[in-house]
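Engineer: This is the structure, below, for whatever I ask next.
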């Protein structure tokens, strides 16, 4: 699942997600707009926070095709 879908489903704002994850709101905004990807460490943190719903592989799936 994509992060934006998860946040919508859980009714979490980017600001609240950023606060809970311990990152800046601007970082989350860049991830959501696909201007950048989280570091591998942050991908793992996101996977843990979302209990595997947003997995590391979700960030990397499109990379092989690119």
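Engineer: For the range 44-58, which residues satisfy the criterion of being assigned to a helix (DSSP H, G or I) and under 17 Å from residue 16 (Cα atoms)?
Structural biologist: Once the filter is applied, which keeps residues that are assigned to a helix (DSSP H, G or I) and under 17 Å from residue 16 (Cα atoms), the range 44-58 yields 45, 46, 47, 48, 49.
Engineer: Taking the range 1-23 on its own, how many of its residues are closer than 20 Å to residue 57 by Cα and assigned to a loop (DSSP other than H, G, I, E, B)?
Structural biologist: Total meeting the criteria: 2.
Yes/no per residue for (1) more than 14 Å from residue 7 (Cα to Cα); (2) modelled with pLDDT of 95 or more; (3) within 10 Å of the chain's Cα centre (by Cα); (4) surrounded by 14 or more Cβ atoms within 10 Å (Cβ to Cβ):
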position	(1), (2), (3), (4)
26	yes, yes, no, no
29	no, yes, yes, yes
41	yes, yes, no, no
44	yes, yes, yes, no
48	yes, yes, no, no
51	no, yes, no, no
60	yes, no, no, no
64	yes, no, no, no
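The values are calculated or read from the model by the stated rules, or taken from the named source; none is laboratory data. Model, not experiment: these values are computed from the prediction. When we count neighbours, we look across all protein chains shown, and the Cβ atoms used for this are built from the backbone with ideal geometry, even at glycine.
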